[in-house]
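Scroll down for the structure; my scribbles are underneath it.
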C-alpha cells in the first residue's frame with residue numbers, strides 16, 4: 001500500500017497533463033467527506049446515549065471510508081447510512097445537515113447513473129470514479145452557491161442590522177469570550193454587522209464564477225474557522241469539505257506530488273508501518289471518545305485538557321490542515337497553469353441530478369412563501385415573516401399555505417414543552433402545537449388553555465381520555481417530516497434565534 005491510499009499515478013511528480021486530469025479526485029473527496037461526517041457524529045452524539053444502530057452504522061462506515069477512501073462500496077454505504085440516519089430525524093435537523101442529506105443523495109445518484117450508463121461492468125476503476133465525480137461535482141458547486149445566497153438574503157432585514165438585537169452581535173459576544181482583547185462597544189458591533197454582510201455577500205458572489213472561486217475560498221476559510229471556534233464547527237466542517245471539492249484540480253496533483261516525494265525517500269515497509277500506526281491511532285481516538293461519552297467521563301481531564309475538548313482540538317488541527325492544503329492546492333494550480341475543468345475522453349453530464357437544484361431553491365424560498373421557517377437557510381438571521389409581520393427589507397411574505405398565518409397563543413399549561421412559550425411570551429403555529437400534542441403520550445396528564453383565531457380553547461389529557469373544546473384533524477406525519485416552525489416573538493423586534 002502506498003503512503004497515500006488515494007495515490008495511483010507513479011508519474012505524477014512530473015506534473016504531466018495526465019497528472020492534472022488525475023482520476024483520484026473522488027477518493028480525496030471521500031476522505032474529507034468522511035471527516036466532516038465524523039465531526040457531525042461527535043458533535044451530535046445523541047445516537048450514543050440512545051444506542052441508535054443507524055448512528056453506529058454511519059460512524060463505522062465513516063471510519064472505514066476515512067481509512068480506505070478509494071473503496072466506493074464503503075463510501076456509498078456511508079452516504080446511504082447518513083441519509084437513513086438523518087431522514088429518520090426529520091424535521092429536527094439543522095440547515096446544513098439537510099443540505100448534507102441532499103448532497104449525499106446527489107452523489108449516490110451519480111454513482112447509480114454511472115453504473116447504469118456502462119454496458120459492461122467489471123470493477124470500480126479509476127475511470128469509473130472520475131465519471132462519478134464529474135457527474136455530481138458541478139451540481140454540488142451550484143448547491144453551495146445557492147445556500148450561501150439564501151443565507152445572505154435572509155440577513156437583509158431590519159432586526160439583523162439593529163445592533164440591539166442582531167445575531168451578529170450575539171455571536172460577537174461568543175468571539176469576545178475567546179478573544180477578550182477585542183473591542184466591545186457600539187462601533188465594534190456595527191462594524192461586525194457590516195463585515196458579516198460584506199463577507200456573506202462576497203462568498204457566493206465569488207463562488208458563482210470559476211475565475212473568482214479562489215477569492216471566495218480565501219475569504220471563507222478564516223470566516224468558517226471563526227464560526228467553528230464559537231460553536232458552529234459542524235457547519236464549518238461541511239463548508240471546508242466543499243471547499244476541498246472546489247480545489248481538487250489543484251489539491252490532487254499537489255497531494256500526489258507529496259506522495260511521490262515520500263515514496264522516493266521511504267521504503268514500502270516504512271510506509272506500511274506508517275499507515276498501520278495512523279489507522280490504529282484513528283481507531284483508538286474514536287473508541288476512546290465513544291467510551292468516555294458512554295461512561296459519562298467526557299468531562300474528565302487528561303493533562304489539564306477535558307476529554308470533551310479533544311474533539312474541539314482535533315477539529316482545529318483538521319481545519320488548519322485542510323485550509324493549508326486548500327491554499328497550497330490553489331497556489332499549485334495557479335502557478336502550474338492548470339485548467340479549472342478536468343479533461344477526460346468523455347465528460348459525463350449530471351442529467352437528472354440537476355433536478356436537485358430546484359429543490360434547494362424551494363427550501364431557500366420556503367419562509368418567504370409561507371412554508372416552513374426552520375431548515376430553510378435562514379439561520380441566525382432575525383428574519384420574521386409569520387402572521388402580519390415581515391421585517392425583510394424587500395422580500396415579500398407570501399402566505400401560499402396556512403401554516404404561518406394560523407398562530408396560537410398559549411395562555412396556560414402544565415405541558416413542559418409548551419410552558420416555554422408562556423415563559424417567553426411567544427406564539428406557536430397551530431401546526432407545531434398539533435405536532436407537540438400528538439407526540440405526547442396519552443398516559444401523561446396535562447391541560448392546555450390557548451387562544452386561536454380570537455377564541456379561547458381548552459384541551460386536556462386525563463385518565464387516558466382527551467377533552468377538548470375544538471376538534472382537531474389528524475396530524476399529517478408526512479407534512480410533519482417536511483415542515484418545521486420556530487417560535488414567534490410578539491415583541492416589536494426579533495431576538496437572535498437559530
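Ordered by the number of other Cβ atoms lying within 10 Å of each residue's own Cβ, fewest first, 434, 384 fall into the sequence 434, 384. Please work out, to two decimal places, the log10 of the ratio I(q)/I(0) at q = 0.11, 0.21, 0.23 Å⁻¹ from a Debye calculation in which every Cα of the range 391-489 carries one identical scatterer. Ignoring solvent entirely, the Cα scatterers give -0.35, -1.20, -1.40. Could you tell me which label, among (1) 4, 19, 30, 27, 14, 5, 2, 0, 0; (2) 3, 14, 17, 16, 18, 16, 10, 4, 1, 0; (3) 4, 17, 26, 26, 17, 8, 3, 1, 0, carries the value of P(r) over Cα pairs in 10 Å bins from 0, in percent calculated for this structure? Comparing each candidate, only (3) matches the computed number. Residue order for 158, 281, fewest other beta carbons within 10 angstrom first, comes to 281, 158. Across the chain, C-alpha contacts under 8 Å between residues 6 or more apart give a mean separation that, scaled by the residue count, equals a relative contact order of 19 percent. Relative intensity of the range 192-241 on a log10 scale, I(q)/I(0) at q = 0.17, 0.19 Å⁻¹, equals -0.50, -0.61, per a Debye sum over C-alpha point scatterers of equal strength in the absence of solvent. When the Cα gyration tensor is reduced to axis lengths a ≥ b ≥ c, the ratio a/c is 1.5 or higher for the range 216-327, and with a/b not above b/c it is classed as oblate.
In plain terms, the residue of 475, 25, 232 with the fewest other Cβ atoms within 10 Å comes first and the most crowded comes last, giving 475, 232, 25. On a per residue basis, the convex hull of the C-alpha atoms belonging to the range 162-288 measures out at 157 Å³.
With contributions of -39500 (n - 2.57) from each DSSP H run of at least four residues, the per-residue ellipticity at 222 nm computed over the chain stands at -19500 deg cm²/dmol. May I ask for the percentage of alpha-carbon pairs in the range 21-178 that lie more than 27 Å from each other? Across the range 21-178, Cα pairs with separations above 27 Å total 37 percent. Classified by the C-alpha gyration tensor, the range 406-464 has a prolate form. Its axis ratio a/c, with a ≥ b ≥ c, is 1.5 or above, and a/b is larger than b/c.
Volume per residue for the range 92-224 equals 158 cubic angstrom (convex hull of Cα atoms).
Readers should treat all values here as calculations from the given coordinates under stated rules, not as data from a laboratory. Only a predicted model underlies this, so the values are computations on that prediction, with no experimental measurement involved. Counting neighbours? That spans all protein chains shown, and the Cβs are built from the backbone with ideal geometry, glycine included.
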